[in-house]
2 protein chains.
Amino acid sequence: MKKIVVDAYGGDNAPIEIIEGALLARDKHKDLEIILCGKEEEMKQIIGSRMERITLVDAQEVITNDDMPTIAIRNKKNSSLVKAYDLLKENEDIIGLVSAGSTGAVLAGAIMKIGRIKGISRPALAPILPTKKESDVIIIDSGANIDCKPINLLHFALMGSAYYSIVYNCPSPRVALLNNGVEEEKGNELAKEAHALLKSAPINFIGNKEGRDFMSGDVDVMVADGFAGNALLKGTEGAVIAVMSLLKKSIKSHFLSMIGALFMKKTFKDIKNRVDILNKHGGSPLLGCKKLVVKNHGSCKRNNILSSIEQTLLLDENNLVGKIEDALEKLKA
Amino acid sequence: MKKIVVDAYGGDNAPIEIIEGALLARDKHKDLEIILCGKEEEMKQIIGSRMERITLVDAQEVITNDDMPTIAIRNKKNSSLVKAYDLLKENEDIIGLVSAGSTGAVLAGAIMKIGRIKGISRPALAPILPTKKESDVIIIDSGANIDCKPINLLHFALMGSAYYSIVYNCPSPRVALLNNGVEEEKGNELAKEAHALLKSAPINFIGNKEGRDFMSGDVDVMVADGFAGNALLKGTEGAVIAVMSLLKKSIKSHFLSMIGALFMKKTFKDIKNRVDILNKHGGSPLLGCKKLVVKNHGSCKRNNILSSIEQTLLLDENNLVGKIEDALEKLKA
């Protein structure tokens with residue numbers, strides 16, 4: 001029996017969508033037990049008689065986006081997130097934690113309660129995005145670490161490569177460094193120093209790539225400091241939204257286009273499915289922690305929670321933490 | 001008579017597209033004289049008898065992307081770009097320079113030959129992009145300045161605001177700081193310090209915005225260091241390309257969608273026109289120089305050169321350089 005602990009009160013759609021997502025995962029995976037942390041009475045009412053392989057742990061407090069992360073983890077001892085972290089820490093048989101709560105608090109909790117893999121100073125988030133080809137791409141770090149050192153980017157590369165190789169069953173993901181040009185001498189001080197480190201790392205480093213290459217399908221793992229990575233990730237999201245919005249607006253303003261759009265339902269569905277890849281994968285694990293922590297988007301729904309739980313199972317089966325440790329060992333050698 | 005000097009041998013499609021673009025501008029603007037720098041005999045052959053209000057200045061060398069910018073400006077004295085800069089420098093009646101050559105060389109030439117506006121240490125490039133609403137947005141800096149200080153970002157904001165107000169006849173453009181969150185305390189060290197400076201600057205500063213807001217239509221001038229700005233700009237471009245490519249691929253794979261697409265020609269044209277806004281505006285001026293320098297994309301065609309020349313005329317008529325100087329004066333006061 002595998003056990004996963006879920007923060008039932010993190011996220012905009014908590015607790016109902018989180019709990020229903022957990023129940024979906026429980027139904028789909030017969031060897032899975034879920035521990036839900038949150039307001040016990042409320043959770044009981046939502047779940048009713050559907051309690052098979054579900055354990056409830058009472059936690060009356062909730063950490064919100066307004067809380068200062070480290071202070072909240074220290075002081076809100078009775079919050080759903082802190083209780084979940086305490087359970088993850090104290091029970092070896094719990095393989096991971098899923099939360100859609102405040103990113104800062106999830107990160108702070110992971111560092112303060114679970115700890116980092118030895119040698120990693122900064123855990124990172126690595127969301128998945130679609131490319132224009134068949135493959136997907138991850139960006140690491142996407143915003144958890146704003147002021148970075150070259151060594152952090154080296155670790156991001158190792159962790160991202162290990163993660164991508166598991167999720168896509170890809171032995172040697174193409175790792176690139178986000179830069180303002182492809183030439184080796186390009187970049188700010190950080191990128192130049194990181195480039196030198198990545199060149200001799202035990203990964204498939206394909207050199208510098210520009211933001212333009214992010215969705216080209218030529219990169220599997222894009223490495224960046226959290227500030228530029230966040231600009232790239234969110235700029236990309238914003239651009240996709242903008243193009244779809246311009247498309248909609250234009251269709252509405254031409255009668256013939258409106259007729260055409262009726263024939264194109266399958267295509268619009270294709271696009272929606274493809275660009276929605278991040279949600280399908282259930283958020284991003286916090287790479288670099290001693291145990292698995294998967295952070296989902298605040299606005300996620302039950303299917304995304306299902307995906308997060310399934311991602312936790314996949315990463316556990318394939319020993320993500322061990323693979324990152326191995327990569328660090330290889331680096332030392 | 002207004003005079004503009006054009007580097008006829010900069011860019012992938014030089015000299016033909018550059019020269020034809022200059023001739024289009026000459027034909028359209030009866031009070032305009034163009035000075036073309038490049039290989040005189042070749043230029044003569046292209047122009048033939050169409051020499052009205054065209055002056056040719058012989059320059060046998062060409063600066064390429066492989067040249068080290070500052071070394072090229074110093075040593076390739078007989079290159080089309082250096083000759084053009086020398087003319088701009090020596091002739092008060094030449095109002096500006098247009099080039100589609102190496103960005104680094106155009107930037108180095110501007111600093112070494114023309115000089116910066118007093119008080120500005122880093123000239124910047126500010127390309128225009130579409131938003132999902134009616135308005136356009138500029139990003140400054142987009143890659144000319146990779147390692148920045150807070151004061152540079154303050155200057156980018158002043159210059160970007162002055163530029164946007166002229167191009168869009170908009171008295172008080174909304175200036176935002178690119179950041180990894182909208183809260184005031186967010187950001188790396190650079191962004192935090194820049195935020196404090198922008199708050200008290202004589203501009204319409206609307207606070208921090210994320211990459212996601214770039215194309216939302218809620219920002220007119222996005223301020224960033226050149227590294228993150230480049231990631232945002234190129235990530236956006238890449239995402240637009242990716243969505244259009246996914247759309248095309250999906251249409252081809254569904255018979256009904258192919259039929260639908262036949263009805264949607266106007267919509268596809270709308271989208272193409274809207275996302276092509278950067279080219280329509282003819283590249284970006286190098287903001288912060290003592291005289292007007294407009295840099296076009298290396299792959300630009302004749303119509304883009306026409307736009308660059310027209311942009312130079314517009315910025316001259318509206319005294320961009322003077323407006324930036326005024327903004328610096330206000331800042332001091």
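The values are calculated or read from the model by the stated rules, or taken from the named source; none is laboratory data. Source: prediction; values computed, not measured. Neighbour counts run over all protein chains shown; Cβ positions are idealised from the backbone, glycine included. SASA here: full protein model, heavy atoms, side chains in, ligands and nucleic acids out. Shrake-Rupley method; radii C 1.70, N 1.55, O 1.52, S 1.80 Å.
Could you go through the stretch A:171-188 and let me know if any residue there is under 27 Å from residue A:308 (Cα atoms) and without any contact (Cβ under 8 Å) to a residue 40 or more places away in the chain. Taking every residue of the stretch A:171-188 in turn, at least one turns out to be under 27 Å from residue A:308 (Cα atoms) and without any contact (Cβ under 8 Å) to a residue 40 or more places away in the chain. Here residue B:283 meets the list (1) surrounded by fewer than 22 Cβ atoms within 10 Å (Cβ to Cβ); (2) at pLDDT below 90 almost entirely, failing just condition (1). Taking the criterion of being open to solvent by less than 30 Å² (accessible area, probe 1.4 Å) and either in a loop (DSSP other than H, G, I, E, B) or modelled with pLDDT under 95 (or both), the only residue of the stretch B:147-159 that qualifies is B:148. Condition (residue is surrounded by 17 or more Cβ atoms within 10 Å (Cβ to Cβ), within 21 Å of the chain's Cα centre (by Cα) and of a type in the set (A, V, I, L, M)) applied to the stretch B:43-63: is it met by at least one residue? Scanning the stretch B:43-63 turns up at least one residue that is surrounded by 17 or more Cβ atoms within 10 Å (Cβ to Cβ), within 21 Å of the chain's Cα centre (by Cα) and of a type in the set (A, V, I, L, M). How many of the residues making up the stretch B:228-275 are closer than 30 Å to residue A:179 by Cβ, more than 7 Å from chain A (Cβ to nearest Cβ) and at pLDDT below 90? Counting residues in the stretch B:228-275 that are closer than 30 Å to residue A:179 by Cβ, more than 7 Å from chain A (Cβ to nearest Cβ) and at pLDDT below 90 gives 2. Which pairs have Cβ atoms under 6 Å, sit 6 or more apart or on different chains, and link a residue in the stretch A:62-74 that is of a type in the set (Val, Ile, Thr) to one that is at pLDDT 95 or above and open to solvent by 40 Å² or more (accessible area, probe 1.4 Å)? Listed pairs, sorted by first residue: A:63/A:76; A:73/A:112. Being in contact with a Gly (Cβ under 9 Å, 6 or more places away or on another chain) and closer than 30 Å to residue A:273 by Cβ: is that true of residue A:82 here? No: the conditions fail for residue A:82.
Quick one: how many residues across the stretch B:210-223 are crowded, with 23+ Cβ neighbours inside 10 Å and either among the charged types (D, E, K, R) or facing chain A (nearest Cβ under 7 Å) (or both)?
Count: 5.
Looking across the stretch A:113-136, the residues that are within 10 Å of chain B (Cβ to nearest Cβ) and buried (at least 22 other Cβ atoms within 10 Å of the Cβ) come down to A:129, A:130, A:131. Residue-level check: of (1) farther than 22 Å from residue A:12 by Cα; (2) in contact with a Cys (Cβ under 8 Å, 6 or more places away or on another chain); (3) open to solvent by 30 Å² or more (accessible area, probe 1.4 Å), residue A:83 misses just (1). Of the residues making up the stretch A:193-205, just one is touching a strand residue (DSSP E or B) at 6+ places or on another chain (Cβ under 9 Å) and open to solvent by 60 Å² or more (accessible area, probe 1.4 Å), namely A:199. Against the numbered list (1) within 20 Å of residue A:130 (Cα to Cα); (2) of a type in the set (S, T, N, Q); (3) open to solvent by 10 Å² or more (accessible area, probe 1.4 Å), residue B:236 comes up short only at (3). The helices (runs of 4 or more DSSP H) falling completely within the stretch B:212-311 that include 1 or more residues that are aromatic (Phe, Trp, Tyr) and touching a residue at least 60 places away in the same chain (Cβ under 8 Å) map to B:226-253.
Only one of A:19, A:73, A:34 is more than 24 Å from residue A:306 (Cβ to Cβ) and crowded, with 20+ Cβ neighbours inside 10 Å. Can you tell me which?
Only one candidate passes the filter, namely A:73.
Take the conditions (1) more than 15 Å from residue A:227 (Cβ to Cβ); (2) within 14 Å of another protein chain (Cβ to nearest Cβ); (3) open to solvent by less than 20 Å² (accessible area, probe 1.4 Å); residue B:143 misses just one of them, which is (3). In the stretch A:166-192, the residue that is surrounded by the fewest Cβ atoms within 10 Å (Cβ to Cβ) out of those that are in a helix (DSSP H, G or I) and within 12 Å of another protein chain (Cβ to nearest Cβ) is A:189. Restricting attention to the stretch A:13-57, the residues being assigned to a loop (DSSP other than H, G, I, E, B) and not polar (S, T, N, Q) number 11. Answer yes if at least one residue in the stretch B:293-310 is more than 14 Å from every other protein chain (Cβ to nearest Cβ), aliphatic (A, V, I, L, M), open to solvent by less than 20 Å² (accessible area, probe 1.4 Å) and in contact with a Ser or Thr (Cβ under 9 Å, 6 or more places away or on another chain), and no otherwise. The answer is yes, given that some residue of the stretch B:293-310 is more than 14 Å from every other protein chain (Cβ to nearest Cβ), aliphatic (A, V, I, L, M), open to solvent by less than 20 Å² (accessible area, probe 1.4 Å) and in contact with a Ser or Thr (Cβ under 9 Å, 6 or more places away or on another chain). Among the residues of the stretch B:235-271, how many are over 28 Å from residue B:142 (Cα atoms) and of a type in the set (Val, Ile, Thr)? Qualifying residue count for the region: 3.
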